[in-house]
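The values are calculated or read from the model by the stated rules, or taken from the named source; none is laboratory data. Remember, it's a predicted structure, so these values are computed and weren't measured experimentally. Here Cβ is always computed from backbone atoms with ideal geometry, including for glycine, and neighbour counts include all displayed protein chains.
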Amino acid sequence: MIRRVDIKGFKRFTDSTFDFKPLVVLAGLNGTGKTSVIQALLLCRVATVTQPNTLPLNGGPFGLDLGTADDIHNRNSAGDIIFTLFGDHPSSPGIWRFVVPSDAPEALYVEIAEYGEIASVAFDLDPGPRAFTYLSAERLGPRSVLRASPVSGDELEVGMHGEYSAQVLAVLGDRPMDCAERLHPNREAGAVAFLKYELEAWLAEIVRPIRIDTVSHADGLFTALRFGSPGGELVSAPNMGFGVSYALPVVLAGLIARSGGMLLVENPEAHLHPAGQSRMGVFLAWLAGHGVQVVVETHSDHVLNGIRRAIGEHGFLSHGEAIIHFFESEADDSCMTTPLRFTPSGGVSDWPPGFFDQYQIDVAALGRIRRRR
């Protein structure tokens, strides 16, 4: 598991340190560096797997779109771009060092001067499937059919847009869960522990009571998801709406993630109603308490409150096993982050201005309007 991440010379970060826990929440204003932390982890993962002399900044397995080497190099840093990841053995961190080509700052790559080795499943040289999963904010909405991934069933992953979710469910849905401990907390005793049933149980809380089926087309080249209420008729994904199509890959990726691996999720609240956003927060905290390190970027106070309830009400995760990094901008446009901790009752150690306080601000403004009248 990753315990700390140091970022030097990358985008908004001159020299920043982030403590990591089983659950890491990245929150704050737009454009303040939250996504850059995720991108740093993605670059480390790509460099570790491919180990070329140069690292492309655009495309690749995670669809990066970072521009040129000069674009990602911090303007106030004279040295290289350095990411240092600390695992469970802090005395032996992994160091990833990238060099901006001195004669070609407009290059669409950086040179790899060093790539790290660290005792972490997510950053192994040969991590195996589902050890490192990234779900972009731009997940696929409802589609009549989804393409298939050309890999074996044991290697299937949901894809960064959730594009292989239908195939994953078609191949693995009727199999018992690989991780016997990762079963729904309210499942009936003796119920069959198939992946599809566990997925339906969580989606019933997050979206609505639902059953899911898959249909293969063109000899397996395409797979369709079909949804329906329990006992009702099944309909195609476009007739179910966006919420379930956006939430399904998050839950499915978490349920099949490798123990000790990492799940990075951007905006898990997208297209969900407030109650669903809260239950998504509960799910992510529950998942972090069951062997998967979760890094989540969110703008939703409902997701945060779901995490708080998972800690304080349900006991799915110890309060010391989660952390929030709150991002702000300094006057000179440099990045400022504040680590916030959880209390045993699900509280937050501090509540700085701008941290999920818009509801209180708006209610206070409406109260002043009423009093003037």
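None of H290, H302 is in contact (Cβ under 8 Å) with a residue 12 or more places away in the chain and out of contact with any Ser or Thr (no Cβ under 7 Å at 6 or more places or on another chain) except H290. Residues that are under 29 Å from I38 (Cα atoms) and either among the basic types (K, R) or not in a loop (DSSP other than H, G, I, E, B) (or both) within the stretch 148-194 comprise G153, D154, E155, S165, A166, Q167, V168, L169, L172, R182, listed in sequence order.
On the given criteria, is E163 buried (at least 19 other Cβ atoms within 10 Å of the Cβ) and not assigned by TED's automatic domain parsing to the domain that holds G79? Spelling it out, it is not the case that E163 is buried (at least 19 other Cβ atoms within 10 Å of the Cβ) and not assigned by TED's automatic domain parsing to the domain that holds G79. Within the stretch 273-317, the set of residues being surrounded by fewer than 24 Cβ atoms within 10 Å (Cβ to Cβ) and in a loop (DSSP other than H, G, I, E, B) comprises H273, G289, H290, G291, H299, S300, E313, H314, G315, F316.
C179 falls short on exactly one of the conditions (1) assigned by TED's automatic domain parsing to the domain that holds P150; (2) on the phi > 0 side of the Ramachandran plot, and that condition is (2).
Taking the stated definitions as given, is L55 crowded, with 16+ Cβ neighbours inside 10 Å and either modelled with pLDDT under 95 or among the hydroxyl-bearing types (S, T, Y) (or both)? It is true that L55 is crowded, with 16+ Cβ neighbours inside 10 Å and either modelled with pLDDT under 95 or among the hydroxyl-bearing types (S, T, Y) (or both).
Results for (1) in contact with a helix residue (DSSP H, G or I) (Cβ under 8 Å, 6 or more places away or on another chain); (2) hydroxyl-bearing (S, T, Y); (3) not assigned by TED's automatic domain parsing to the domain that holds I324, shown as yes or no for each residue.
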site: S16; (1), (2), (3): no, yes, no
site: G33; (1), (2), (3): no, no, no
site: A47; (1), (2), (3): no, no, no
site: T50; (1), (2), (3): no, yes, no
site: F62; (1), (2), (3): yes, no, no
site: A69; (1), (2), (3): no, no, no
site: T84; (1), (2), (3): no, yes, no
site: P90; (1), (2), (3): no, no, no
site: P101; (1), (2), (3): yes, no, no
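From the list S329, S334, S349, the lone residue that is more than 17 Å from T35 (Cα to Cα) and at pLDDT below 95 is S349. Within the stretch 26-45, the residues that satisfy the criterion of being among the aliphatic types (A, V, I, L, M) and either over 19 Å from S329 (Cα atoms) or out of contact with any Gly (no Cβ under 9 Å at 6 or more places or on another chain) (or both) are A27, V37, I38, A40, L41, L42, L43. When you go through H314, H302, H290 one by one, which is the residue that is touching a Pro at 6+ places or on another chain (Cβ under 7 Å) and modelled with pLDDT of 95 or more? None of the others qualify; the one that does is H302.
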